[in-house]
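Colleague: Handing you a structure now.
Coordinate-derived values only; no laboratory data. This structure is a prediction, so every number in the text was calculated from the model and none was measured. Please note: Cβ atoms are built from the backbone with ideal geometry, for glycine as well, and neighbour counts cover all protein chains shown.
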Amino acid sequence: KKTTTAKKAAPAPTAEGFAVDVSVEQFKESIVRNLNTTLGTDVEKASDKAWWGATAAAVNELVFSRLSQTQKTHLNKDTRAVHYLSLEFLMGRLMGNNLQSLGLFENAAQALKELGHEITDLAEEEPDMALGNGGLGRLAACFIDSLASLNYPAIGYGIHYEHGLFRQTIQQGRQIERPDSWREYGNPWEICRPESTQEVPLFGYVETVFENDGSLRKVWHPGSVIKGVPWDIPIVGYKGTTVNILRLWESRASEFFDWDAFNAGAYKDAQGEQNLAETVSKVLYPNDETEAGKQLRLVQQYFFCACSLKDIMRRYKRAHGNDFSKYAEQIVIQLNDTHPTVAIPELMRVFMDEEGLNWEDAWAICQNAFAYTNHTLLPEALEKWPVYLFERVLPRHLEIIYEINRRFLDEVEAQWPGDDAKKIKLSLIEEGAQRMIRMGNLCVVGSYKVNGVAAVHSELVKSDLFPEFYEMWPEKFVNVTNGVTPRRWLKACNPRLSSLISETIGSDWPGQLDKLVALKPYADKPAFQKKYMQAKRENKLELVNTIRELTGVEVSPDAIFDVLIKRLHEYKRQHLNLLHILALYRRLLENPNMDFHPMVFLFGAKAAPGYKLAKEIIYAINKVADRINNDPRIKDKLKVVFLPNYRVSLAEKLIPAADLSEQISTAGYEASGTGNMKMALNGALTMGTMDGANIEIAEEAGEENMFIFGLSVDEVKETKAKGYNPWDYYYGNPEIKAVLDWLDTDYFTPGEPGALSAIKRSLLDGGDPYLVLADFESYSEAHKRANEMYKDQKAWAKSAILNTAQMGKFTSDRSIEDYVERIWSLKKCDVK
Ligand code: TH1
């Protein structure tokens, strides 16, 4: 009998607006089953942590099949892929994002509700994966999200740190660092792949072997070998067909090495090596934009580059054997800042010493395989390694770098005959008492593209950082403005605004953020303004509770929420905000009935543990907060809150509740910024300088919908060239003098006069390198405009809506398409 196979009914679209094939009932069944079989508990006695674990396991059942499907497809099609090498991936929590990407968030929430749990509460059980410091690491996380969402073959490579960025507590106003133990109780999102373990040589010496045919061969005899074990984290693309991986390497002692030392009777040495091996991936260096120059950091960099290149080579050979002519066609390796630069000489070494290629062929491949992203112009962030360290740790790589340099300086000679000054400036080696390797120069020489991260920054890379390189190779230099994933930074973190947007203009904006412009006509509509401001208010109410729980401070949702969240650094000028708060406080004390809408100033910031002044600024913020928050005279018109342990999951609570977004770096110093994009997208108005991506945000949102202040990049340069003197501002502006002198008293630190003087000293005796005093008055005026405008809720709502509507450019999907077009030349690869 002939049977007609009925067409399977299309799965019902979920609240996310796209189809998945898991019902609430099925999800419930999966959670309960995983509670039993994966977590070894049951519905009666399971803890919240176990419920979270079971939900994660239920998600994984859907993710892993898609992961292997993606890997099969990529292998079969043998597509060109990008390999994103980064020492940092600041992933945060993964549950919400994975559920959103699968279109399952609503169903999962309903399933949990029916099982007696709130998904938002369970989500709090997940520790942040904080394997990064700040913007650079979070950018890497947004980029791998977008790569998967756009169906590009891509893999992220990094280090599986046992401890991510330290946990910050505040004791008596001071930052205390505690270790971060994100994996203490296991991590459901990662899969160990011991079969792909790699060995990494270190130390030792190089032997020159004279072959019979008269040629030379270099043999590196390492003094030590460590193992790299990969952990894979599936990266689920939005709408869930492509699942790429983030592969993180964990260091282990190599059995093979212990043996040598053990036989030699040097058991203690073997132990020592064991310690080194296990130290390599122990902890993330907590320095944002400062180069520490420590041997262990260099070993970390080489360790993960060597493991990753071996992994890339293994996959390449599976398809192409020993024919390397297709290497640069199939493989692009993106260097996230100079931290993975050592990958360049490492690939040269592998091609020449292990695969037998000659210099010219090896170099041609390398130069077409690497591309480099510069993220900062700050001199203290530009990596330089002492030659002696390379000599000790990577002797063969030092030889290769010398040879790259020798050939490169010949090119410089050809371009500028006889110009030794040019050679001194461009050389990969900085001469001096301590000879140093300039990693930025090595990157530019070894890469086929170099990009900055915002329009103004990319111009400065060409004009100020690498002008001669730009003259030699103008076509190498491109811009790719940063972006953020709207899935995490609007859809998941701000469900109220997201629902309102979807009800108003449809639900396809998370994958096509340009569509937000459809909100523009609503900016004037009172009914929409009301709903928009209602969503903001509810977000603020939620934050009010969080603030109370975390700090005990009571704030009003009627106040303006002013948010400054980023790493603590002088160039980001948290102290400019603090001085202005002191000025407001003074004005209120002098005139308690001053025309002023109440404000809450919210800070979140970690300081690098060795950065003294940054820690003093945190202390000052906390001491000033104590005094102001407990001063009845100002009748709650001013509150200052320092939220401890700022991290991705805290950002997700602050950003949807922000009214004002503080982006107040000295112009020319913040390469791009990405928090600026997240807050504008969520309807905060930017209080900002014309720096980094703020400039492009102003182009999109309109300057009238922001509060722009301060010196421009050119004016900063002029001011410095003319000889800036902060004392002129101190004596010229009585308010500046008063607030700075206040810091010398014991007003904020009873019994301890001068406890906050470090800030004043850095601004006056220290020369105020970031022009805080020069921008103070303009900043204060901008704040007056903001405060005035807030009283007109309709005008404010309109500007806020226009910000959301016009942030389409800043999706990381657009950044990725720019990389594809300008640098990577990838093709989309659909996964069925
Ligand atoms: C940041 C930049 O400061 C920021 O402006 C930019 O938006 C972000 O990168 C992403 O492009 C940087 N973070 C680091 C971290 C280290 C070294 C240099 C930079 S630049 C460790």
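Colleague: At 25 °C and a viscosity of 0.890 mPa s, what translational diffusion coefficient does Stokes-Einstein give for region 714-832, taking Rh as the Kirkwood radius over Cα pairs? Give it in µm²/s as a whole number.
Modeller: 128
Colleague: Largest first and in whole Å, give the semi-axes of region 530-670's equivalent ellipsoid, each being the square root of 5 times a Cα gyration tensor eigenvalue.
Modeller: Each semi-axis is the square root of five times an eigenvalue, giving 23, 20, 15 Å.
Colleague: Please state, rounded to one decimal and in Å, the Kirkwood hydrodynamic radius that region 136-201 gives when every pair of distinct Cα atoms enters the mean of 1/r.
Modeller: Hydrodynamic radius (Kirkwood, Cα only) of region 136-201 equals 15.4 Å.
Colleague: Right, next: Which of 340, 807, 293 sits closest to the plus end of the dipole of the chain, meaning its Cα is farthest towards the positive end, when Lys and Arg get +1 and Asp and Glu get -1 on the C-beta?
Modeller: Going by the Cα projections, it comes out as 807.
Colleague: For every helix of n ≥ 4 consecutive DSSP H residues, a contribution of -39,500 (n - 2.57) applies; sum these over the chain, divide by its total residues, and give [θ] at 222 nm rounded to the nearest 500 deg cm²/dmol.
Modeller: Calculated mean residue ellipticity at 222 nm is -14000 deg cm²/dmol.
Colleague: Taking the Cα centre of each part, how many Å lie between region 506-526 and region 453-473?
Modeller: So the separation of the two Cα centres works out to 36 Å.
Colleague: Taking amide H positions as placed 1.01 Å from N in the peptide plane, with prolines and chain starts having none, which residues 5 or more places from residue 159, or on another chain, fall under 5 Å of its amide H?
Modeller: 249
Colleague: Length gain on complete extension for the stretch residue 423 to residue 183, per 0.36 nm per residue less the alpha carbon to alpha carbon distance?
Modeller: Full-extension gain reported as 81.6 nm.
Colleague: Still on this structure, I have one more. Would any residue of region 294-315 have its amide N under 17 Å from a label point 7 Å out along Cα→Cβ of residue 392? List them or say none.
Modeller: Taking a point 7 Å out along Cα→Cβ of residue 392, the residues of region 294-315 whose backbone N falls under 17 Å are 294-303.
Colleague: Follow-up question, since we're still on this one. Would you list the P(r) distribution for the chain, with all Cα-Cα distances sorted into 20 Å bins from 0 and each bin expressed as a whole %?
Modeller: Bins of 20 Å from zero give 15, 46, 33, 6, 0 percent of pairs.
Colleague: Report ³J(HN,Hα) in whole Hz for each residue of region 507-521, in order, from the Karplus equation J = 6.51 cos²θ - 1.76 cosθ + 1.60 where θ = phi - 60°; Gly and Pro get x.
Modeller: In residue order, the calculated couplings are 10, 8, 5, x, x, 9, 5, 3, 4, 4, 4, 4, 7, 3, x Hz.
Colleague: What whole number of Å gives the distance from the Cα centroid of region 756-832 to the Cα centroid of region 20-59?
Modeller: A separation of 41 Å, based on Cα centres.
Colleague: Tell me, what is the Rg over Rh of region 350-391, with Rh the Kirkwood radius over Cα pairs?
Modeller: Taking Rh as the inverse mean 1/r over Cα pairs, Rg/Rh reads 1.13.
Colleague: May I ask you to evaluate 6.51 cos²θ - 1.76 cosθ + 1.60, the Karplus curve with θ = phi - 60°, for each residue of region 438-449 and list the ³J(HN,Hα) values in order in whole Hz, giving x for glycine and proline?
Modeller: 8, 5, x, 4, 4, 4, 5, 5, x, 10, 8, 9
Colleague: Counting alpha carbon pairs within less than 8 Å and at least 6 residues apart, what relative contact order, in whole percent, applies to the chain?
Modeller: 13
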